[in-house]
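The block underneath contains the structure these notes are about, expressed in structure tokens.
Read-outs: derived from the displayed coordinates by stated rules, not from any lab. Treat the numbers as computed from the prediction; the structure is a model and nothing was measured. Please note: Cβ atoms are built from the backbone with ideal geometry, for glycine as well, and neighbour counts cover all protein chains shown.
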Amino acid sequence: MLTDVKARKLKARGKPLAVGGVAGLYLRPGTKNGAGKFTLRFVSPETGRRRDMGLGTYPAIGIALARKNAIEARDLIERAIDPIEQRKREQNSTEGNAQNLTLRTRRFRSMRI
């Protein structure tokens, strides 16, 4: 199991460390000592291809939060949903809602004049 002490001692451009607790979750070293990126490696249930999903950077995202996000992604995989594609769908729907809100705001402001 990866601890915060071990993560802080991560060497730049060293070997990825398995986080533990979730299959395929790794902390990949960055360009500075004590920094890295959490990635979840899995096989997409939609395409059958291996994929790497970014879960954030260490130390901005803690080990516990990365583990929690990886568990949620594994739950999606078990339900035959690709978590990367799901995240894209959610972002697109959020962007669409934001665009609609912007248009409605502009219409409202133009009506008040």
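At an R0 of 25 angstrom, the distance between the Cβ atoms of A60 and E85 translates into a FRET efficiency of 0.50.
Ordering I63, I81, G48 by Cα displacement along the dipole of the stretch 4-81 toward the positive end leaves I63 in first place; charges were set at the Cβ atoms of Lys, Arg (+1) and Asp, Glu (-1). Over all Cα atoms in the stretch 4-81, the spread is summed up by Rg and Dmax: 12.7, 38 Å. Each label point was placed 7 Å from the Cα along the Cα-to-Cβ direction; for K15 and R41 their separation is 1.2 nm.
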